Amino acid sequence: MEKIYKINEEQNGLRIDKALSMLIEDKSRTYLLSLINDEKVLMNGKPVKASLKVKTGDEIEVSIPEVKPLEVKAQDIPLDVIYEDDDIIIINKPQGIVVHPSVGHDDGTIVNAVLHHSDSLSGINGVLRPGIVHRIDKDTSGLLCIAKNDNAHHFLSEQLKDHTMQREYYALVKGVIKENNGVINLPIGRDKNDRQKMGVDRENGKEAITYFHVEQRFNNHTLITCKLKTGRTHQIRVHLSYIGYPVEGDPIYGKKKNMLYDKGQLLHAYKLTLIHPTTKKEMTFEAPLPDYFKEIIDNLK
């Protein structure tokens, strides 16, 4: 769907993504920025850059793609639903299951399970990621928020962007951390030698900030809680590995020698706090540590 929007005095001098978010109220600034990057926003028939400052009287042509019908099959996979209403579903994802279909993971994902569970999901992220607001790694367990309509999805995406959605994790790391609390502020980008991995990149990486607090120390391990200010891919795993305390069991960023656990990183998203899209009230959800994680902690004690 193509539509022309005219800039008025209220938007004069603003970046084009912010100006359009004021004119197209049912679309988030993040979504509009993705349209700009996909060259679906034109001025004078030419694609624009997100940094463009608009002027009163400018006419902007915006092409909003139609939501495609879902083509991913629904599968009867059990879901641990923590909470559900007309806007959101909060699930506790087990370790070992992928969030959405991708190369090598055509089915058996959280998306396949959610499609079977609910007839109503947002279509903003397209065919392969219906309702998926944020994701966690295959071998990370814990809380995941799914949007059941586009308005909820927009609202939740903005919270991710402005950091009002808070995500907290338990991590068991190798080594004994001396400080009780710490902040890791190191930019993250694609690993230059392995595009499948992420790494600290001080030159071209994006801002990444992780707060941690020591919960318990053992002979050669530390149980910590981590709070994300930003949500870069593999952020906690990359940050902790870089400072010398890799997550136990991490097959990519960890120490493979003498692993206590070989089925994936011992990382669990245990707490999620968000503002509800409709009620606008703050809600906090918690998921207990999985049994295998608790068993390892008990053995260390």
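Consider residue 203 carefully, then state whether it is part of a loop (DSSP other than H, G, I, E, B), loosely packed, with under 15 Cβ neighbours inside 10 Å and either touching a helix residue (DSSP H, G or I) at 6+ places or on another chain (Cβ under 7 Å) or not assigned by TED's automatic domain parsing to the domain that holds residue 135 (or both).
In short, yes.
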Handout entry: Extreme residue, farthest from the chain's Cα centre (by Cα), among residues of the stretch 45-61 that are among the β-branched types (Val, Ile, Thr) and either modelled with pLDDT under 90 or within 16 Å of residue 35 (Cα to Cα) (or both)
Key = 60
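Matching residues to (1) assigned to a loop (DSSP other than H, G, I, E, B); (2) of a type outside the set (Phe, Trp, Tyr); (3) outside the structural domain of residue 213 (by TED's automatic domain parsing); (4) in contact with a helix residue (DSSP H, G or I) (Cβ under 8 Å, 6 or more places away or on another chain):
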position	(1), (2), (3), (4)
113	no, yes, yes, no
123	yes, yes, yes, yes
136	yes, yes, yes, no
142	no, yes, yes, no
Exercise for the section: Could you check, for the stretch 182-202, whether at least one of its residues is among the small types (Gly, Ala, Ser), touching a strand residue (DSSP E or B) at 6+ places or on another chain (Cβ under 6 Å) and over 27 Å from residue 32 (Cβ atoms)? Expected result: yes
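The values are calculated or read from the model by the stated rules, or taken from the named source; none is laboratory data. Everything numeric here is computed off the predicted structure, so don't read it as measured data. Counting neighbours? That spans all protein chains shown, and the Cβs are built from the backbone with ideal geometry, glycine included.
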